[in-house]
Structures are given as C-alpha cells and as structure tokens.
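S.K.: Quick one: structure below, then a few questions.
The values are calculated or read from the model by the stated rules, or taken from the named source; none is laboratory data. As the structure is a computational prediction, the values presented were derived from the model and not from experiment. Here Cβ is always computed from backbone atoms with ideal geometry, including for glycine, and neighbour counts include all displayed protein chains. Please note that ligands, DNA and RNA were not included when accessible areas were found on the heavy atoms of the full protein model with its side chains. Shrake-Rupley method; radii C 1.70, N 1.55, O 1.52, S 1.80 Å.
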Amino acid sequence: MHTAHRQRSYSVRFDWGSTGASAIGADADVAVVVDVLSFTTTLSVAVDRGVEVFPYRWRDDGAARFAADRGTVLAVGRREARASDISLSPGTVRSAQGLARLVLPSPNGSSIAHSLSASSGVCIGASLRNASSVAEWISANYRDGSVVSVIAAGERWPDGSLRPSVEDLWGAGAVLAELVDRRPNLEVSPEAEVAVATWNSITGTVEAKLQSCASGRELVLDGYPSDVAIAAEVGRSRSVPILREDRFVNHGRVLDN
C-alpha cells in the first residue's frame, strides 16, 4: 500500500471498509466506525438503554461460544431472526426486555471494530443518531494534532467486494462536520472534506434520502422500513460507545428509549 493512501499528512482522515480501516485507522488516536443501516445504529440504540455490546466477526463459528463464555445474548442476522430473536435490526433491541449484554456480529461495522480493537488508540461507533455526541466527545478529549480516522464501513457485493454505501458517507460526514465546526484548526484530508460536503448537501432531507438510497430501498423492500426510520433519528442519541477491550462501553448520557 502506497504511503499516500494512509493520509498521514492530515490529522483528520476518511476512508472505506476494512482495508481503509487498516490504512488510516491502525495508527489513529481515535478511529470512528460508521455503519448507518446496520451495526452502529443498532449499537447506539443498545447503549442508550445501558446495554453492553460486544462486536464480533460475521458468520464466525466461534460467536456462540464467545457469547456463552460472557453470559450474553447473541444477535442474529435480520433474515435469520424469528419473532422473539434479537437481531441486527435496531427495533428488536429497542423492544427487548431485560437485555443487559449483547454480542452483535455484522459483516461490516462490527467486523471492522473488532479488528481495530487491537490497533487503534480508541475505537468509537457512530451513526446519524449519535454523530454530534461523538464529535463533541472527541473535541473535548483530544488536542489539535491528534489523529482522528473516520471509516465508512460500506456494504458488500455478492462476490464479497466492498460496495461503498452513501448512507455511511453521510454518517461519516455528520461526525466530521461537527468535529471541524468545533475545531476549525484541524488538518482535514480532501477525502474527509468530501464526506463533510456530502453530508451538508442532504441535512434537510435525511429520512427521504435514507429511504431512497440503494441500501434503504433494500431494507424497505425486504420488510424493514422501521430500521430506516430509526437510522434517520439524527441527534436522538447522546451515546458515545467506546470499545474497551472486547466490549463497547458508553461514555455519553444513557437514555431509555
């Protein structure tokens, strides 16, 4: 990988997927993972309710043992879920009773967070619901010159390759826009500037854009319109989920919603 792709001339960086996370996140003081229509929205709903969330690799045979060893519930994929199951669908977490700890695998955001846990200084999960709170926390806790890398998780094509997804670009841009507004002296990469500009272009039409983008239409057509509505709750969450060892712990305000 060419050194230029690591954006090391800048303290605020942006890239895509697991490879991008390796390129710009491994030496970051703060790595922010964004997976708007799956993992990080569900994560924000969970930590709002005081639930500890354990990220894990997707379709890994060790997930059930990992969950059992920690006395946690193991979430399943949306399509595998039965009526009583907790899944990647944020509505199932919002409606769950007595949930305290959750292993939440996903093919993109959770897997990236799991991989960053051993390399980046701090790993945070951000969505449109808590982007402002995440940026506020970073601004309050890190000086100018600290490296902040924001990773849009993206989705997967059937062959397993990265499908850049516009909703994650918007979520990353929401974090970056708030951070740059609070800390205008930060050295921001052109890649991060594009994410900010893209977010600023849709701020008045977020729910409509989420419903009409490819990933949002997929969820609506598959019978999950409420997942899109929850993802569009811009600023609703005050959570700041930070990965400590093997679990996300909330460093923001807990809401029961």
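S.K.: Of Glu233, Glu178, Glu207, which residue is within 30 Å of Ala4 (Cα to Cα), at pLDDT 95 or above and not hydrophobic (A, V, I, L, M, F, W, C)?
M.R.: It is Glu178.
S.K.: Starting from residues that are farther than 16 Å from Phe66 by Cβ, open to solvent by 30 Å² or more (accessible area, probe 1.4 Å) and assigned to a loop (DSSP other than H, G, I, E, B), keep the ones in the range 100-134 and report whichever is modelled with the lowest pLDDT.
M.R.: Here the residue is Ser119.
S.K.: Select from the range 135-165 the residues that are hydrophobic (A, V, I, L, M, F, W, C) and farther than 18 Å from Glu193 by Cα and write down the one among them that is most open to solvent (accessible area, probe 1.4 Å).
M.R.: Trp157
S.K.: Residue by residue through the range 173-223, note down the ones that are part of a helix (DSSP H, G or I), of a type in the set (S, T, N, Q) and out of contact with any strand residue (DSSP E or B) (no Cβ under 7 Å at 6 or more places or on another chain).
M.R.: Thr198, Asn200, Gln211, Ser212
S.K.: Checking Arg101 against (1) of a type outside the set (Asp, Glu); (2) under 19 Å from Arg13 (Cβ atoms); (3) in contact with a Ser or Thr (Cβ under 7 Å, 6 or more places away or on another chain), only one condition comes out false. Which one?
M.R.: Of (1) of a type outside the set (Asp, Glu); (2) under 19 Å from Arg13 (Cβ atoms); (3) in contact with a Ser or Thr (Cβ under 7 Å, 6 or more places away or on another chain), only one is false for Arg101: (2).
S.K.: Hey, among the residues in the range 77-99 that are of a type in the set (D, E, K, R) and part of a loop (DSSP other than H, G, I, E, B), which one's nearest to Pro55 (Cα to Cα)?
M.R.: Asp85
S.K.: Looking at (1) free of Cβ contacts under 8 Å to residues at least 60 places away in the same chain; (2) open to solvent by 60 Å² or more (accessible area, probe 1.4 Å); (3) within 18 Å of Arg13 (Cβ to Cβ), which one does Leu169 not meet, given that it meets all the others?
M.R.: The number of the failed condition is (2).
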